[in-house]
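Rule-based calculations on the coordinates, nothing more; no lab input. All values derive from a computational prediction rather than experimental measurement. We place every Cβ from the backbone using ideal geometry, glycine too, and count neighbours over all the protein chains shown.
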Amino acid sequence: MTKQDRVINYLCKGKTLSQDSAASMFEVGNLRATISDIKPLLKSQGYAITKTTGRYGETRYGASAIKSKKCRRSCSR
């Protein structure tokens, strides 16, 4: 399993990840670049990347499920 795969699995569980935690847990040197690389894949799987600021000012990344739009049907009378 690649580093990108491990990051994707972690984010899809609803958890967030900072640069320091990504480095220690997954040996990812540049989380921002990794997020940029996996963003299209996550989007195709129905997830959006979220970016927040942590308690100590660090940038944290997460993934949230994209709500699907309801299909509107025309009523035929």
Largest fluctuation, LYS43, LYS67, LYS15 only, Gaussian network model of the chain with Cα springs under 10 angstrom, belongs to LYS67
Here the equivalent ellipsoid of the chain, derived from its Cα gyration tensor, has semi-axes (largest first, whole Å) of 32, 14, 9
Which of THR53, THR16, THR34 fluctuates most in a GNM of the chain (C-alpha springs under 10 Å)? That residue is THR53
Expected unfolding gain across GLN45-ASP5 under the 0.36 nm per residue rule, minus the alpha-carbon gap, is 13.1 nm
Computed about the Cα centre, the charge dipole of the chain from +1 Lys/Arg and -1 Asp/Glu charges at the Cβ has a magnitude in debye, to the nearest 20, of 840
